[in-house]
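The values are calculated or read from the model by the stated rules, or taken from the named source; none is laboratory data. Remember, it's a predicted structure, so these values are computed and weren't measured experimentally. Reconstructed Cβ throughout: ideal geometry from the backbone, glycine too, with neighbour counts over all protein chains shown. Side chains are part of the model used for accessible areas, which takes the heavy atoms of the whole protein and leaves out ligands, DNA and RNA. Shrake-Rupley method; radii C 1.70, N 1.55, O 1.52, S 1.80 Å.
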Amino acid sequence: MRTIQRLVRQLRSYGVQFRRVTVNEYRMLFGDAGAMLILIFALLIYATLYSLAYGPEVLRNVPIGVVDESQTPASRALIRTFDAGPNVYVAYEPSDMEEAEKLFYDREIYGVVYIPEEYERRLLGGDQATVPIYADASYFLVYRQVFQELATSIVRTGALVEFQRLVARGAQIPQAMAMTQPVVFGSHNLFNPYLGYGTFVMPAILMVIIQQTLLIGLGMVGGTWREFGLYRRLCPPGRTRMSTLPVVAGRTLAYGSVYTVTTLYVLCVHYRLFHYPIEGSPATLAALLVPYLLACILLGIAVSTLFRYREQSLLFLLWTSIPFLLLSGISYPREAIPEWLFSLGKLLPSTHGVNGFIRIRSMGASIGEVMPEIRALWMLVLLYGGMACLGLHRLLRRECTCGDVKGDKL
């Protein structure tokens with residue numbers, strides 16, 4: 001009987017502490033402009049700015065230069081094919097390669113096509129004509145657009161000349177077409193129909209932003225509580241020390257509820273505004289996001305126990321965003337990452353969250369197909385939950401000298 005009474009008292013005490021912690025966390029969050037900026041508005045601001053920046057999706061009208069030493073109808077016809085496509089346009093026709101090189105290094109153009117003097121003579125004479133292409137490879141998106149468009153135009157022109165030559169020799173049109181283009185291929189781009197960079201990278205960026213804002217914001221709040229000795233306010237009257245579990249649970253509920261609202265806005269409203277792919281069922285997405293948010297929050301609580309001042313959170317965590325994005329294997333090829341480094345990245349919620357989210361939202365994966373990511377996230381919830389409890393238990397033991405503390409204000 002005494003055991004049951006003791007258990008009831010303990011549960012009541014846990015309930016009181018849980019409510020105090022939750023209320024204090026809400027008060028701390030909505031009463032701190034810096035915390036609100038990081039934990040509420042940063043996700044919305046970053047998502048909007050990145051989406052606007054990547055809104056065009058595909059680079060168009062990249063300027064190039066053409067050095068036409070041939071000055072013949074055939075060379076002018078080739079130049080017109082460069083202007084016919086949407087990806088590049090002929091902005092300059094320099095008189096020689098020296099002038100073209102100056103334009104290239106001045107960033108006026110991002111590619112140069114050199115048409116040699118003997119181009120038409122070799123083309124019409126049945127010999128192989130060579131047309132060198134110089135493309136800027138310092139920016140891969142520009143390089144892809146320039147090289148792909150120019151190479152396609154040159155190959156198409158060569159096929160047309162060969163087709164006309166065969167017809168002139170008496171070949172039937174179907175035979176000439178089969179000889180100039182023996183294999184006809186059809187392509188269908190899965191999951192990213194327009195090959196847009198925004199559609200490719202934004203899902204990963206959004207998941208990393210969720211994690212990073214939680215880590216930085218929770219670190220800022222934790223540093224504030226410790227800097228001003230506010231942990232003592234969590235202790236209810238009549239107790240000598242706070243319990244760890246109510247603190248962890250209260251903080252998790254407070255930040256989980258706030259991020260549930262902002263995440264739903266980003267993944268529902270924001271996704272539709274910028275026309276990102278919306279595949280997969282809501283139940284599958286929820287099955288992934290619940291452990292993802294819990295893992296990020298618990299990791300943030302664990303990390304927050306390391307900071308004595310609020311500014312330390314920004315100093316130590318702000319620079320980690322790009323490495324965490326790279327470790328997810330999305331913006332940088334997974335095969336190019338050292339195995340030990342990629343294995344280390346599996347300790348981050350973003351690594352599993354990014355891969356699972358892309359497979360659901362962009363590829364329409366079922367819950368069974370993303371179960372490895374969901375299982376890994378729940379394991380991280382247990383790991384970081386234990387770390388958060390240990391860190392807060394140590395911190396409360398040292399920082400929380402309970403008693404009547406007058407004059408403490410949030």
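If a residue has to be small (Gly, Ala, Ser) and either open to solvent by less than 20 Å² (accessible area, probe 1.4 Å) or touching a Leu at 6+ places or on another chain (Cβ under 9 Å) (or both) to count, how many in the range 35-56 make the cut? Give the derivation first.
Taking the range 35-56 first, the residues small (Gly, Ala, Ser) are 35, 42, 47, 51, 53, 55.
Cutting the leftovers down to either open to solvent by less than 20 Å² (accessible area, probe 1.4 Å) or touching a Leu at 6+ places or on another chain (Cβ under 9 Å) (or both) gives us 35, 42, 47, 51.
So the count comes out to 4.
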Checklist entry - Taking the range 245-281, which residues are within 18 Å of residue 391 (Cα to Cα) and in contact with a Lys or Arg (Cβ under 9 Å, 6 or more places away or on another chain)? => result 246, 250
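Which of the following residues is within 19 Å of the chain's Cα centre (by Cα) and at pLDDT 90 or above: 265, 292, 276?
Details: 265 fails: at pLDDT 90 or above; 276 fails: at pLDDT 90 or above.
Of 265, 292, 276, the one residue that is within 19 Å of the chain's Cα centre (by Cα) and at pLDDT 90 or above is 292.
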Checklist entry - Within the range 155-184, restricting attention to residues that are in a helix (DSSP H, G or I) and of a type in the set (Gly, Ala, Ser), which residue is nearest to residue 130 (Cα to Cα)? => result 158
Checklist entry - Pick from the range 356-367 the residues that are open to solvent by less than 50 Å² (accessible area, probe 1.4 Å) and touching a helix residue (DSSP H, G or I) at 6+ places or on another chain (Cβ under 7 Å): which of them is farthest from residue 328 (Cα to Cα)? => result 365
Item to check | Pair list, Cβ under 7 Å, 6 or more apart: the range 354-380 residue under 23 Å from residue 323 (Cα atoms), other residue among the polar types (S, T, N, Q) and open to solvent by less than 80 Å² (accessible area, probe 1.4 Å) | outcome: 354/328; 355/328; 373/355
Checklist entry - Restricting attention to the range 10-31, and to residues there that are closer than 17 Å to residue 221 by Cα and open to solvent by less than 20 Å² (accessible area, probe 1.4 Å), which single residue is nearest to the chain's Cα centre (by Cα)? => result 29
Checklist entry - For the range 311-355, which residues satisfy the criterion of being aromatic (Phe, Trp, Tyr) and either in a helix (DSSP H, G or I) or surrounded by 20 or more Cβ atoms within 10 Å (Cβ to Cβ) (or both)? => result 316, 319, 324, 340, 342
Checklist entry - Is it the case that the range 343-358 has a residue that's modelled with pLDDT under 90 and more than 18 Å from the chain's Cα centre (by Cα)? => result yes
Item to check | Residues of the range 183-236 satisfying the condition of being modelled with pLDDT under 90 and among the hydroxyl-bearing types (Ser, Thr, Tyr) | outcome: 187, 194, 197, 199, 224, 231
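Please find, among 76, 27, 12, the residue that is basic (Lys, Arg) and within 30 Å of residue 263 (Cα to Cα).
Numbers: 76 fails: within 30 Å of residue 263 (Cα to Cα); 12 fails: within 30 Å of residue 263 (Cα to Cα).
One residue alone meets the criteria, 27.
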Checklist entry - Does at least one position in the range 296-303 carry a residue that is part of a loop (DSSP other than H, G, I, E, B) and either modelled with pLDDT of 90 or more or not hydroxyl-bearing (Ser, Thr, Tyr) (or both)? => result no
Checklist outcome for this item: Selection from the range 170-210 of residues small (Gly, Ala, Ser) and open to solvent by less than 60 Å² (accessible area, probe 1.4 Å) yields 170, 171, 176, 178, 196, 198, 204
